[in-house]
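Novice: Encoded as structure tokens, here's the structure I'll be asking about.
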Ligand SMILES: CC(C)(COP(=O)(O)OP(=O)(O)OC[C@H]1O[C@@H](n2cnc3c(N)ncnc32)[C@H](O)[C@@H]1OP(=O)(O)O)[C@@H](O)C(=O)NCCC(=O)NCCS
């Protein structure tokens, strides 16, 4: 177990459980990912890109819980409401000290502190595993996410222009951020 399951109370009184994902979450994970993609333009995947076979998602969950990885989910009333993944940036000797992190929650639970808790778990896991640097990119106008990352100590180190091209022909830049774990 890479993260101890923990329960938190949401502002509306419901209980949210943060735990490691398991293979049996695959069907719900796809449903949640489709909804998440439909609710925000701040993630790189679109809803239709999650029209995948459950078996493929099961394999992805197993892979995302492999060596140097942690896939967390948050569950409310038995339904998945978000995930947060930590993964190696590569296997080569000179990059093995770096990991990446990504998070996506359904709108109905935004602003409850769940993002902060899952990111803190990710950081704790990464430090314990021995990573020295955690990296992420975020749509430059995603103020809530940038605030959250800066609160946890991430610093800005660059801007990737025109990183997303949306269906309407507009673009978004990605802010590049890193956290020193040493
Ligand atoms: C970004 C995301 C993970 C944040 O999760 P969350 O559970 O809502 O975050 P928290 O409640 O822990 O913290 C949010 C913080 O942002 C702040 N915030 C909210 N809206 C804000 C805004 N417009 N501008 C600045 N800060 C804002 C909150 O006050 C809170 O800060 P505080 O802890 O100092 O009070 C969540 O909104 C999400 O999944 N969004 C959709 C997908 C996405 O954007 N993922 C990130 C891709 S890089």
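Novice: If you take the residues of region 98-111 that are closer than 16 Å to residue 136 by Cβ and more than 6 Å from the ligand (Cβ to nearest atom), which of them is nearest to the chain's Cα centre (by Cα)? Outline the logic, then answer.
Specialist: Here is the first cut: in region 98-111, the ones closer than 16 Å to residue 136 by Cβ are 98-105.
Retained after the next criterion (residues that are more than 6 Å from the ligand (Cβ to nearest atom)): 98-102.
Details: 98: 16, 99: 12, 100: 9, 101: 6, 102: 3 Å.
Among residues in region 98-111 that are closer than 16 Å to residue 136 by Cβ and more than 6 Å from the ligand (Cβ to nearest atom), the one nearest to the chain's Cα centre (by Cα) is 102.
Novice: Which of the numbered conditions does residue 77 fail, given that it passes all the others? Conditions: (1) in contact (Cβ under 8 Å) with a residue 24 or more places away in the chain; (2) surrounded by 17 or more Cβ atoms within 10 Å (Cβ to Cβ).
Specialist: (2)
Novice: Residues that are exposed (fewer than 12 other Cβ atoms within 10 Å of the Cβ) and within 11 Å of the ligand (Cβ to nearest atom): does region 161-177 have at least one? Steps first, please.
Specialist: Going through region 161-177, the residues exposed (fewer than 12 other Cβ atoms within 10 Å of the Cβ) turn out to be 161-162, 165-171.
Cutting the leftovers down to within 11 Å of the ligand (Cβ to nearest atom) gives us none.
Looking through region 161-177, none of the residues is exposed (fewer than 12 other Cβ atoms within 10 Å of the Cβ) and within 11 Å of the ligand (Cβ to nearest atom).
Novice: Something else now. Being surrounded by fewer than 18 Cβ atoms within 10 Å (Cβ to Cβ), assigned to a loop (DSSP other than H, G, I, E, B) and more than 10 Å from the ligand (Cβ to nearest atom) is true for just one of 67, 27. Which residue is that? If you could, list the steps in order and put the result at the bottom.
Specialist: On the way: 27 fails: assigned to a loop (DSSP other than H, G, I, E, B).
None of the other options fit; the residue is 67.
Novice: Something else about it: From (1) under 13 Å from the mean Cα position of the chain (by Cα); (2) within 25 Å of residue 164 (Cα to Cα); (3) not in a loop (DSSP other than H, G, I, E, B), pick out the condition that doesn't hold for residue 45.
Specialist: (3)
Novice: Kindly indicate whether any position in region 140-154 is outside any loop (DSSP other than H, G, I, E, B), in contact (Cβ under 8 Å) with a residue 60 or more places away in the chain and near the ligand (Cβ under 8 Å from one of its atoms).
Specialist: We begin by selecting, within region 140-154, every residue outside any loop (DSSP other than H, G, I, E, B); these are 143-151.
Subset that is in contact (Cβ under 8 Å) with a residue 60 or more places away in the chain: 145.
Remaining after also requiring near the ligand (Cβ under 8 Å from one of its atoms): 145.
Yes, region 140-154 contains a residue that is outside any loop (DSSP other than H, G, I, E, B), in contact (Cβ under 8 Å) with a residue 60 or more places away in the chain and near the ligand (Cβ under 8 Å from one of its atoms).
Novice: May I pose another question? Could you please find all residues in region 124-145 being within 25 Å of residue 70 (Cβ to Cβ) and touching a strand residue (DSSP E or B) at 6+ places or on another chain (Cβ under 6 Å)?
Specialist: Result: 125, 126, 131, 133, 134, 135, 136, 137, 138, 139, 145.
Novice: If I filter region 112-131 down to residues being in a loop (DSSP other than H, G, I, E, B) and within 8 Å of the ligand (Cβ to nearest atom), which single residue comes out as surrounded by the most Cβ atoms within 10 Å (Cβ to Cβ)? Write out each step before concluding.
Specialist: So in region 112-131, the residues in a loop (DSSP other than H, G, I, E, B) come out as 112-113, 130-131.
Right, trim to within 8 Å of the ligand (Cβ to nearest atom) and you get 112-113.
On the way: 112: 20, 113: 14.
This residue is 112.
Just so you know, all these numbers are worked out from the coordinates, no wet-lab data involved. This structure is a prediction, so every number in the text was calculated from the model and none was measured. No Cβ is skipped: glycine too gets one built from the backbone with ideal geometry, and neighbour counts run over all protein chains shown.
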